[in-house]
Every structure is written in C-alpha cells, then in structure tokens.
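Undergrad: I have a structure here, written as structure tokens, and I will follow up with some questions on it.
The values are calculated or read from the model by the stated rules, or taken from the named source; none is laboratory data. Please read these numbers as outputs of a predicted model, since none were measured by experiment. Ideal geometry is used to build each Cβ from the backbone, glycine not excepted, and the neighbour counts take in all protein chains shown. Accessible surface areas use protein heavy atoms only, side chains included; no ligands, DNA or RNA. Shrake-Rupley method; radii C 1.70, N 1.55, O 1.52, S 1.80 Å.
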Amino acid sequence: MSYPYQINSIEEYKEAYKKSIEQPDAFWASIAEHFTWKKKWDKVVEWNFKEPKVEWFKGAKLNITENCIDRHLDTLGDKPALIWEPNNPEERVRVVTYNRLHKRVCQVAQMLKNNGVKKGDRVCIYMGMVPELVYAILGCARIGAIHSVIFGGFSAQSIADRVTDAHAEFIITCDGAYRGEKVIPLKSVIDDALINNTTVKRIIVFTRTRTPVSMLKGRDVWWEDEMEHAEQQVEINGKINFEPAIMDAEDPLFILYTSGSTGKPKGVVHTIAGYMIFVTYSFVNVFNYQQGQIHFCTADIGWVTGHSYIAYGPLCAGATSVMFEGIPTFPDAGRFWDIVDKHQVNILYTAPTAIRSLMGFGTQPLEGKNLSSLKVLGSVGEPINEEAWHWYDEHIGKKRCPIVDTWWQTETAGILISNLAGITPSKPSWATLPLPGVQPILVDENGNEVLPNGNETIAGNLCIKAPWPGIIRTTYGDHERCRTNYFATYDNLYFSGDGALKDENGNYRITGRVDDVLNISGHRIGTAEVENAINMHAGVVESAVVGYPHNIKGQGIYAYVILGQKHSDEELTKKDILQTVTRIIGAIAKPDKIQFVTGLPKTRSGKIMRRILRKIAEGETENLGDTTALLDPNIVNEIKEGRV
Ligand code: PRX
C-alpha cells in the first residue's frame, strides 16, 4: 500500500517539484494534512535567511510521538515497529510491535517525569544500539524534553563538552555496549565525563552488558527499577497511556552535535513539525517505501541518519525498521547479508565505507545468503565511488534493485538530493535530482551563480535558495554561530560546505567538503578539532591536519606534527599522540598517518598553506602550485621527503 503523498512516476515527480517551488505553502500543507495535529497551523512557512529565522507550520500544536505511534495503533498495533538484531547472532532477536512501543514510550515518559524532567529540559543520551535508545528519545519527545544523543564512540571529554553546552541536567546511558568482540563501558565513560560536574542531577542506567558500574547515591538510578515503578503509573483500568505534551510546531525536538571548521562542535537544533514532515516525506519517496516492507538502515542513532531513517521517518510512516546493535564484520563479514536473509529485508540503507570494507572480503560471505527480498539499496554519508556502486549493484542488488545515492547533512534533517527508487533514474556516483521543495544552486567563491555554457557540466559550491521544512533552525545557545556558519558566506543562501557538479540534465554529483571538515568513514570531523586534540599532547608544539584519499574510509586523517624536542622513540610518541586524541575526542578522530616535521608551510602572515599539505598527503609532490608566498619555502622539501 502506498501513501497519499507518494510519488509514483517521473511525471508525478516533475509535477510535485514544480508545485513545491511555485506554491510551497499549498504543497507542504497538502502533505501535512496527513499527520495528526492538536491544532493546525496558521501559516505554512515564514522565513528570512538574514537572521536566519525559519518557521514552518507556525501556530500548529502537536506531539511527534502521536504521529510515530498512537495514530498507528488501531491499524498496526500488532505489527512490528522495530526488529532489533543483537550484536551476537546467538542472542534472541527482539520484535517490538507498535503496541509495545507505545507502552514502553509511555513508561519512559512517566519515568522521566518521576525523575524531574520537564518540558524543554535537555536530556543527553549515551547508549548503545538497543531498543531502549529509541524508547528514550521518544519518551523525551512525549513529554517535550529535548534529546541530545551522543554517539557511543565519543570520549569522556567530548561528552563533558556536549553536556555543558546543552546545559543538560539529565543523562540516560547503559552500563556498557557490545560492539563486535568488544564491550564499551559507557557508564564509566560518563562517570569520567562528570568528574567535577555539579549540574547533572540524574543519570538513568540501562543494564545491557552487566558491566560493573559505580552508582552514585542520590544521582544514579537503574532504568529497570524506574521503569517498573512507571509501569504501574501508566496503566489505568487496564489501559496504558501517558498523555503527550502539547508542543508548538517550532519547539525544539533535539540537538545533535556535529563538527564544523572551528574546534568546537555545534549543537544543531531541529524543531518538531518541520522535521517530522520532512523526514517522513523523504523516507517514503526516496526509498519508495510501501507499507509492510522491512527497512534496514545500518547507521547508529548517534548520528543524524539513525535519528531520521531508523527512528522518526520510518515510525511516522508506520514502517518496520530494523535496528542493528553490532558491526558489519562480526562474527564475520556476512553479517549484513544474514540479517537481510533472516528478516527478509526489502530496503538496505548503508554507507560507502561499509560497502568498500565488505567488498574487500570478496563474494564468499554472500554464499548461501538469500538476498531476493531486497528491492531498494541506499547509500549515505559520503561520495560513493563507481567501483563500490557497481559492486553493490551487482552482488547485493543483483542488478534488479535501484540504488539511491542520498545527499544530505545533520543540518538538513533529511535527504535533499537523491534519485527516487525506481522512479527517477540513477547515475553511478551521482546523487542526481533535488527532492520536491529543495532548490539547489551552485555558486562561485563570490557567490555568483555558476551557469553552464551550453551543455557543459558545471562546478561550484552547493547552496540552497529557500528553506525546506527540515532546515537547521539554530545552533544551540549561539544563534550567531548558525548565521555565520551557514547563512553569512553567501547572501540569502544556505551554504552546505560541499562542492558539487551539475550536468546538463540537472543531476548533481557531490564532490566533497570545500571547508576544513573531513569525512572519515562517513563521519564528520573538523581538522581544527583534531589539531586541538593533538596539541594537547605534552610534547607537541604545533600540528596541521588534512585529509587524504583512503581506500576504505573515503578519507583518512594525515597529521603533520612539530615536537618540542626530538624523541628517541618516534613510534612510541606517535602512539602517545593517538592515545591523546582518543582521550580528547574518541577513537574515530585518530590520525591514520603522523609525520613529524620541523616546520609547517606558512605565509608571512602565519597562515598555514593547507593546499600544499593536502597535496603532499595525497602523494602529489611535483605540482604543488605557487610556493613563493611562503615564509620558508625550504620546509616544503623537507616535508616532501619525510612523507609517510
Ligand atoms: O560532505 C557531505 C557528506 O556528508 C556531509 C554531511 O555529514 P553529516 O552531517 O555527518 O551527515 C551524514 C549523513 C547525512 C555532507 O556535507 N555526504 C553526505 N551524503 C553524501 C555526502 N557526500 C556525497 N554523497 C552523498 N550522498
């Protein structure tokens, strides 16, 4: 069964696109009609990119959890909302029906209330990929608290920064998390993060790994105890409910921290109604989701992909979403294919890094796996190279499943540029066409629109001309940062930070970041953040970090480091530096290569010429461009010779 706003043909796409540009209010209102509101909007959209101020469905009242859960109960109550596949395939799969999800979310809402959480409060969530994580975010949304999920790979220091920035008084975590062979001691990382913290009032700890944890009297409580207590409170005369808070369309739903060009991650804020409409609309149309299908997004809920396409989008659409706790290579490299086979997955949405890494194992892990249930494949997070695209197409989709290459960002909430599965054509390594409501434009350095000369393909910085419902509203606690980062580079445009090509048919190909942000295995990391972490190491005087092409991760991190004094054991010093970065940010930010240098190529004004460092890291040692502006051109030769 399809949805009233489902696009079923290329003509319908063109028609929807045209209407979305010419009459955005009527277009989005006709979609929003199909959701549950406590009160409808007074105005569909009001905006200016100067401040910026963007408001969608102004005046409307709703609760997103009614849209994700309650409204499905009559028709889908016994249908699976979540299928949870544990890290260890020997452990029992958990199937969470919409009825069960409703009960659990009501319980969490009650538990949060019992623990003093109020509407508008920030709740940090640092959990593994367990269904309780979904209950936790939806429980927050049910009472109107703002969740801020922190990816389980971040260090204590990163958590501390985020908790402080969000002024969060509440944390939900697990004792530990399973990741392949490893157990990550989440609660103990939280404890480290909170040494000296005086503002966090309550930590709720879910037991997953039975890892011994310290529980501080008066602050720390067990999820299981609290949920049991709440269970009795949400059941009245045999009926379960927790009255959802009535929220304003523009109340914040969540904060999600992401890296930018500066050293400090930004708390991207999304608000309720626009987010809900955009992720549901894009979920249904990009994947051409049909009711009853099984959708498997392999991301972690610690990133925006998990928020939008494991949790909110699929649940608002009444879909069945597979949630996976483990990693693609445990217990072996056939794990994804086992899950597809076992649960008869119809849509598989993963990252090019995972595809490239699984490609490396050849086709043996695919043997005996029935992938015939697959209908649509998706790619997200980084450019997909043609080799990976064709492998995915041939070996996984067996050349019968459209591949959607979906371009978007934490700031955009949902997919902005992608082909629509089976509806609009795909083009290997091209994200192709904008979704209805999305108006991309390529500009040059000065903000002038780049226009083609005849049929040529053009290149430029990718911007968006007008707001779509999921656009970032602010950066938490610092609106000016939101303005300068996204809306000040070019007048009246949202600037994505990405470069792109556009062909004569209007297809876009994303070429990668044009700012100092790296994309490592589909995860964003700012070079300045990594440099700050390296510079924390006692022996380091200065460092410069650039990206370089990496066969599996897409990009690797290359660090040029100046030491205070030469160390006799350079290998050991490198390990110390890696350890420092792991402590400060997390293992995901560890440089792949470290080169010790005695100086960096700087201009007379002291600016590091990263262009040169990038070229050397990429292996290009001849055409380094003009080096005459350098303070000490000799340093370039030294760096070239010492390349690792
Ligand atoms: O550079 C683009 C790249 O990932 C960045 C956004 O990262 P993040 O906010 O962490 O969100 C990742 C999940 C949406 C973008 O600025 N990116 C994302 N999707 C694609 C992509 N690059 C090329 N092709 C894509 N399909």
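Undergrad: Scan the range 362-371 and give yes if some residue there is out of contact with any Gly (no Cβ under 9 Å at 6 or more places or on another chain) and surrounded by 24 or more Cβ atoms within 10 Å (Cβ to Cβ), otherwise no.
TA: no
Undergrad: Quick check, is residue 70 farther than 19 Å from residue 270 by Cβ and either in contact with a Ser or Thr (Cβ under 8 Å, 6 or more places away or on another chain) or not assigned by TED's automatic domain parsing to the domain that holds residue 490 (or both)?
TA: In short, yes.
Undergrad: Now for a separate question. In the range 605-644, what residues are more than 16 Å from residue 549 (Cβ to Cβ) and in a helix (DSSP H, G or I)?
TA: Scanning the range 605-644 gives 612, 634, 635, 636, 637, 638, 639, 640, 641.
Undergrad: Looking only at the range 57-71, which residues are surrounded by fewer than 23 Cβ atoms within 10 Å (Cβ to Cβ) and either without any contact (Cβ under 8 Å) to a residue 60 or more places away in the chain or out of contact with any strand residue (DSSP E or B) (no Cβ under 7 Å at 6 or more places or on another chain) (or both)?
TA: 66, 70, 71
Undergrad: I would also like to ask the following. Among the numbered criteria (1) part of a strand (DSSP E or B); (2) under 20 Å from residue 643 (Cα atoms), which single criterion is violated by residue 525?
TA: (2)
Undergrad: Something else: May I ask you to list pairs of residues, at least six apart or on different chains, whose Cβ atoms are under 6 Å apart, with the first in the range 563-576 being in the same structural domain as residue 539 (by TED's automatic domain parsing) and the second being of a type in the set (Val, Ile, Thr) and open to solvent by 90 Å² or more (accessible area, probe 1.4 Å)?
TA: Matching pairs, first to second residue: 564/541.
Undergrad: May I ask you to list the residues in the range 290-308 that are more than 16 Å from the ligand (Cβ to nearest atom) and in contact (Cβ under 8 Å) with a residue 60 or more places away in the chain?
TA: 290, 291, 292, 293, 294
Undergrad: What is the residue count in the range 389-426 for residues that are within 15 Å of the ligand (Cβ to nearest atom), surrounded by fewer than 24 Cβ atoms within 10 Å (Cβ to Cβ), among the hydrophobic types (A, V, I, L, M, F, W, C) and farther than 17 Å from residue 295 by Cβ?
TA: 1
Undergrad: Are any residues in the range 146-165 buried (at least 21 other Cβ atoms within 10 Å of the Cβ) and closer than 21 Å to residue 479 by Cβ, and if so, which ones?
TA: 146, 147, 148, 162, 163
Undergrad: Only residues that are free of Cβ contacts under 8 Å to residues at least 40 places away in the same chain and within 11 Å of the ligand (Cβ to nearest atom): list them for the range 509-553, please.
TA: Across the range 509-553, the qualifying residues are 513, 518.
Undergrad: How many of the residues making up the range 191-208 are closer than 22 Å to residue 107 by Cβ and open to solvent by less than 60 Å² (accessible area, probe 1.4 Å)?
TA: Final tally of qualifying residues: 7.
Undergrad: Then there is this: How many residues, within the range 381-425, are part of a loop (DSSP other than H, G, I, E, B) and of a type in the set (Asp, Glu)?
TA: Residues flagged as part of a loop (DSSP other than H, G, I, E, B) and of a type in the set (Asp, Glu) within the range 381-425 amount to 1.
Undergrad: Take the range 498-508 and flag every residue that is crowded, with 19+ Cβ neighbours inside 10 Å, more than 8 Å from the ligand (Cβ to nearest atom) and part of a strand (DSSP E or B).
TA: Once the filter is applied, which keeps residues that are crowded, with 19+ Cβ neighbours inside 10 Å, more than 8 Å from the ligand (Cβ to nearest atom) and part of a strand (DSSP E or B), the range 498-508 yields 500, 502, 508.
Undergrad: Suppose the filter is buried (at least 23 other Cβ atoms within 10 Å of the Cβ) and not hydroxyl-bearing (Ser, Thr, Tyr); does residue 331 pass it?
TA: Taking the combined requirement at face value, the residue does not satisfy it.
Undergrad: In this structure, does residue 512 turn out to be on the phi > 0 side of the Ramachandran plot, surrounded by fewer than 19 Cβ atoms within 10 Å (Cβ to Cβ), more than 23 Å from the chain's Cα centre (by Cα) and not aliphatic (A, V, I, L, M)?
TA: In short, no.
Undergrad: Part of a loop (DSSP other than H, G, I, E, B) and more than 23 Å from residue 435 (Cα to Cα): which single residue out of 301, 255, 339 fits that description?
TA: Step by step, each of 301, 255, 339 is checked, and only 301 is part of a loop (DSSP other than H, G, I, E, B) and more than 23 Å from residue 435 (Cα to Cα).
One line per residue, one yes/no per condition, for (1) among the small types (Gly, Ala, Ser); (2) in contact with a strand residue (DSSP E or B) (Cβ under 7 Å, 6 or more places away or on another chain); (3) assigned by TED's automatic domain parsing to the domain that holds residue 159; (4) farther than 23 Å from residue 165 by Cβ:
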residue: 109; (1), (2), (3), (4): yes, no, yes, yes
residue: 121; (1), (2), (3), (4): no, yes, yes, no
residue: 124; (1), (2), (3), (4): no, yes, yes, no
residue: 140; (1), (2), (3), (4): no, yes, yes, no
residue: 144; (1), (2), (3), (4): yes, yes, yes, no
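Undergrad: Continuing with this model, one more query. How many residues, within the range 246-263, are of a type outside the set (Val, Ile, Thr), surrounded by fewer than 21 Cβ atoms within 10 Å (Cβ to Cβ) and closer than 24 Å to residue 73 by Cα?
TA: Within the range 246-263, residues that are of a type outside the set (Val, Ile, Thr), surrounded by fewer than 21 Cβ atoms within 10 Å (Cβ to Cβ) and closer than 24 Å to residue 73 by Cα number 1.
Undergrad: Further, regarding this structure: Residues that are of a type outside the set (Val, Ile, Thr) and over 19 Å from the mean Cα position of the chain (by Cα): list the strands (runs of 3 or more DSSP E) wholly contained in the range 127-201 that include at least 2 such residues.
TA: 170-174, 177-179
Undergrad: Can I ask one more? Counting residues that are over 19 Å from residue 243 (Cβ atoms) and of a type in the set (Ser, Thr, Tyr), which helices (runs of 4 or more DSSP H) fully inside the range 1-110 reach at least 1?
TA: Per the criteria, 10-22, 24-32, 73-76.
Undergrad: Still on this structure, please answer the following. Among the candidates 339, 310, which residue alone is in contact with an Asp or Glu (Cβ under 9 Å, 6 or more places away or on another chain) and under 15 Å from residue 413 (Cα atoms)?
TA: Matching residue, one of 339, 310: 310.
Undergrad: Would you confirm, using the coordinates I've provided, whether residue 311 is open to solvent by less than 10 Å² (accessible area, probe 1.4 Å), under 21 Å from residue 20 (Cβ atoms) and either assigned by TED's automatic domain parsing to the domain that holds residue 424 or more than 16 Å from the ligand (Cβ to nearest atom) (or both)?
TA: Judged against the criteria, residue 311 is not a match.
Undergrad: Are any residues in the range 430-450 open to solvent by less than 10 Å² (accessible area, probe 1.4 Å) and within 11 Å of the ligand (Cβ to nearest atom), and if so, which ones?
TA: 431, 432 - these are the residues of the range 430-450 that are open to solvent by less than 10 Å² (accessible area, probe 1.4 Å) and within 11 Å of the ligand (Cβ to nearest atom).
Undergrad: Let me ask another. For residue 288, all conditions in the list (1) crowded, with 24+ Cβ neighbours inside 10 Å; (2) at positive phi hold save one; what is the number of the exception?
TA: Status for residue 288: all satisfied but (1).
Undergrad: Ok, one more. Residues 500, 466: which one is modelled with pLDDT of 95 or more, out of contact with any strand residue (DSSP E or B) (no Cβ under 7 Å at 6 or more places or on another chain) and of a type in the set (A, V, I, L, M)?
TA: Unique residue meeting the criteria: 466.
Undergrad: Without any contact (Cβ under 8 Å) to a residue 60 or more places away in the chain, surrounded by fewer than 24 Cβ atoms within 10 Å (Cβ to Cβ) and part of a loop (DSSP other than H, G, I, E, B): is that true of residue 243 in this structure?
TA: Spelling it out, residue 243 is indeed without any contact (Cβ under 8 Å) to a residue 60 or more places away in the chain, surrounded by fewer than 24 Cβ atoms within 10 Å (Cβ to Cβ) and part of a loop (DSSP other than H, G, I, E, B).
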